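*Asks:* The structure that follows is given in the form of structure tokens.
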Amino acid sequence: MKTLRLHDTPADIALAARLLREGETVAFPTETVYGLGADARQEAAVRQIFAAKGRPADNPLIVHIAGVEMLPEIASEIPEIAVRLAEVFFPGPLTMVLPKRQDIPDVTSGGLGTVGIRMPSHPVARALLREAGCPVAAPSANRSGKPSPTTAAHVLDDMDGRIAAVLDGGSCEGGVESTVIRFMDAETIHILRPGLISAEMLRPYAARVIIDKAVYEQLPDGARAASPGMKYKHYAPQAKLLPVDAPDFAQFSEWVQAHAAAGDWCLLFDADPEVTGIPSLRYGDTGEEQAHLLFRRFRELDEAGAKTVYVRMPQRSGAALSVYNRLMRAAGFEVITL
Ligand code: TXA
Ligand code: MG
């Protein structure tokens, strides 16, 4: 298959929308990462997403909508708390898991009776969804197990020749995937995957906000994940990642210098000085900066041929929790604690 390169123009957006309606797969930018879209109601089209990504069939897709008025077309029940959250956080990087309507095929929801729904805020995504007129199922547009793409070039690295088109909308601002939540009862939010909409931001809108254990630790073999995607090793670069949880930079640097070999790199905060003798990249100081850069840095470290990468640990709160989670999963939850 030849993958069309499309741009952020009305004519190209119209063409991408037509391809989606005709049952083709199109990668497009969102405010988080690039998604690989297909009409959520066309089974054959959705199957092409799984084939192009090499994605396990039990890992459900997120359905993207153009407006809140489309919620009842996807979800069979919309609790009041979901309406409240949609008012505040849609459009934006929040996915709500709700009971699904029968006409959303099982292939889209990975066989589950629920479906993740999100309304992206990226102007190109919004224009595409409006023009397509259908709900669009879209996982991140990487090959399964690779870091999520934040530029059209990353999408093509993984997907050239496997999808109908990529719509280039520049680099994604967010950088990590949306926050995925479900509702345990009328007043309890359960965070299945942390994102830039943090637990702290959700707290004013619910009596309780609970963060799933799988955000912090590896699920035991055979355990059933509340969010199937969380059980897969993910986002991994080829290099071995080793997060080093050190009280300060001096101790980090001392430990790394004692253990690093030729070909090893560091991933540092912007405020850190150099680790003498060891090449490094930087990924910001705040959770938002780190989220924006993390997956890009993973790809750059692979291009540099890094063997082991010693990473300064992000915080476990706010937006940084999403960075912590992606990093820990990429590292297989192995961490050096000093
Ligand atoms: O920011 C994002 O969410 C991006 C952009 C493209 O929108 N999409 C994305 O999709 O990250 P994906 O497929 O890479 O991740 C979807 C996550 C998976 O962890 C999946 O298990 C979870 O959402 N998920 C989807 N539907 C679910 C459901 N019904 N119940 C529980 N978890 C669900
Ligand atoms: Mg993904």
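The values are calculated or read from the model by the stated rules, or taken from the named source; none is laboratory data. These figures come from a predicted structure and were not determined experimentally. Note that we place each Cβ from the backbone using ideal geometry, even for glycine, and neighbour counts take in every protein chain shown. Protein only, heavy atoms only, side chains kept; ligands, DNA and RNA dropped before computing areas. Shrake-Rupley method; radii C 1.70, N 1.55, O 1.52, S 1.80 Å.
*Asks:* If I ask for residues that are assigned to a loop (DSSP other than H, G, I, E, B) and without any contact (Cβ under 8 Å) to a residue 60 or more places away in the chain, which ones from the stretch 208-221 would you list?
*Replies:* So the first thing to find is which residues in the stretch 208-221 are assigned to a loop (DSSP other than H, G, I, E, B), and the list is 212, 216-221.
Scanning the stretch 208-221 gives Asp212, Leu219, Pro220, Asp221.
*Asks:* Of a type outside the set (S, T, N, Q), over 23 Å from Phe89 (Cβ atoms), assigned by TED's automatic domain parsing to the domain that holds Val63 and open to solvent by less than 30 Å² (accessible area, probe 1.4 Å): which single residue out of Pro139, Pro149, Pro120 fits that description? Spell out how you get there, then give the answer.
*Replies:* On the way: Pro139 fails: over 23 Å from Phe89 (Cβ atoms); Pro120 fails: over 23 Å from Phe89 (Cβ atoms).
On inspection, the qualifying residue turns out to be Pro149.
*Asks:* Test Arg203 against the stated conditions and say whether it is under 28 Å from Tyr216 (Cα atoms), surrounded by fewer than 20 Cβ atoms within 10 Å (Cβ to Cβ) and more than 16 Å from ligand 2 (Cβ to nearest atom). Show your work before the answer.
*Replies:* Working: under 28 Å from Tyr216 (Cα atoms): yes; surrounded by fewer than 20 Cβ atoms within 10 Å (Cβ to Cβ): yes; more than 16 Å from ligand 2 (Cβ to nearest atom): yes.
The answer is yes for Arg203.
*Asks:* Under 7 Å by Cβ, and 6 or more places apart or on different chains, what pairs join a residue from the stretch 1-25 that is at pLDDT below 95 with one that is surrounded by fewer than 13 Cβ atoms within 10 Å (Cβ to Cβ) and not polar (S, T, N, Q)?
*Replies:* Listed pairs, sorted by first residue: Met1/Gly161.
*Asks:* For the condition in contact (Cβ under 8 Å) with a residue 40 or more places away in the chain and closer than 21 Å to Asp248 by Cα, what is the one hit in Asp285, Asp264, Asp270?
*Replies:* On the way: Asp285 fails: in contact (Cβ under 8 Å) with a residue 40 or more places away in the chain; Asp270 fails: in contact (Cβ under 8 Å) with a residue 40 or more places away in the chain.
Criteria check complete, one pass: Asp264.
*Asks:* Restricted to the stretch 165-190, and to residues that are over 27 Å from Ala320 (Cβ atoms) and open to solvent by 10 Å² or more (accessible area, probe 1.4 Å), which residue is farthest from ligand 1 (Cβ to nearest atom)? Spell out how you get there, then give the answer.
*Replies:* In the first step, residues of the stretch 165-190 are kept if they are over 27 Å from Ala320 (Cβ atoms); the result is 165-168, 185-186.
Restricting the remaining residues to those that are open to solvent by 10 Å² or more (accessible area, probe 1.4 Å) gives 168, 185-186.
On the way: Asp168: 15, Asp185: 17, Ala186: 19 Å.
So, considering only residues that are over 27 Å from Ala320 (Cβ atoms) and open to solvent by 10 Å² or more (accessible area, probe 1.4 Å), the one farthest from ligand 1 (Cβ to nearest atom) is Ala186.
*Asks:* Output the number of residues of the stretch 301-315 satisfying the condition of being surrounded by 16 or more Cβ atoms within 10 Å (Cβ to Cβ) and without any contact (Cβ under 8 Å) to a residue 60 or more places away in the chain.
*Replies:* 1
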